[in-house]
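The values are calculated or read from the model by the stated rules, or taken from the named source; none is laboratory data. Worth saying up front: this structure is predicted, and the values here are computed from it rather than measured. Cβ coordinates were reconstructed from backbone atoms using ideal geometry, including for glycine residues, and neighbour counts include every protein chain displayed. Protein only, heavy atoms only, side chains kept; ligands, DNA and RNA dropped before computing areas. Shrake-Rupley method; radii C 1.70, N 1.55, O 1.52, S 1.80 Å.
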Amino acid sequence: MTRFLVRRLISLVPILLGVSIVVFLIVKMIPGDPVASLLGPTATDEDRARLITEYGLDQPLLNQFFTWLGSVLQGNLGRSIARQQDAAPMVFDAMRNTLVLSGVAFVIA
């Protein structure tokens, strides 16, 4: 039983890495310009250049991925553009509510 669990946990690593690559690439392929949506239509070229450098969008895609992955592994999920607050507490609150709902549904079932 222990060997089975260890094998499963080891096989989980490449799966999570693959899922993280797919999620990162899907986010990169979403149409629209994140810099334009953050700054708005009245932004100057200097503002755009500053924000692109600040977020590392001028880096190669591989560097962006590893920076993003490192941040996610540390629990830093970034900031919500819509609410202008950290995304991690919002995700954890939603996860807590989802777990409570799932637990209640499991007990009822």
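Structure data summary
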{"read-out": "5 angstrom amide H check on ARG79, placed H, neighbours 5+ away", "value": "ALA87"}
{"read-out": "Mean Cα-pair separation over length for the chain, i.e. relative contact order, pairs under 8 Å, 6 or more apart, %", "value": "13"}
{"read-out": "Helix-only [θ]222 nm of the chain, DSSP H runs n ≥ 4, -39500 (n - 2.57) each, per residue, nearest 500", "value": "-24000 deg cm²/dmol"}
{"read-out": "Per residue, in Å², the accessible surface of the chain once ligands and nucleic acids are set aside, probe 1.4 Å", "value": "82"}
{"read-out": "Difference of contour (0.36 nm per residue) and Cα-Cα distance, VAL100 to ALA36", "value": "19.2 nm"}
{"read-out": "Ordering of 47-53, 5-11 by packing [mean C-beta count within 10 Å, highest first]", "value": "47-53, 5-11"}
{"read-out": "FRET efficiency estimate (nearest 0.05) - Cβ-Cβ, ILE15 to VAL107, R0 35 angstrom", "value": "0.75"}
{"read-out": "Whole-percent pair-distance distribution, where bins are 10 Å wide, for the alpha carbons of the stretch 6-70", "value": "18, 39, 26, 12, 6, 1"}
{"read-out": "Fraction of accessible area attributable to carbon and sulfur, the stretch 1-91 (%, probe 1.4 Å)", "value": "66"}
{"read-out": "Charge dipole magnitude, Cβ of K and R +1, D and E -1 - the chain, Cα centre, debye nearest 20", "value": "740"}
{"read-out": "Calculated on alpha-carbon atoms, Rg and Dmax of the chain in Å", "value": "18.8, 62"}
{"read-out": "Distance from the stretch 15-52 to the stretch 81-109 (C-alpha centre basis), Å", "value": "25"}
{"read-out": "Given charges at Cβ of Lys, Arg, Asp, Glu: the stretch 1-106 dipole, positive-most of LEU73, PHE92, SER11", "value": "SER11"}
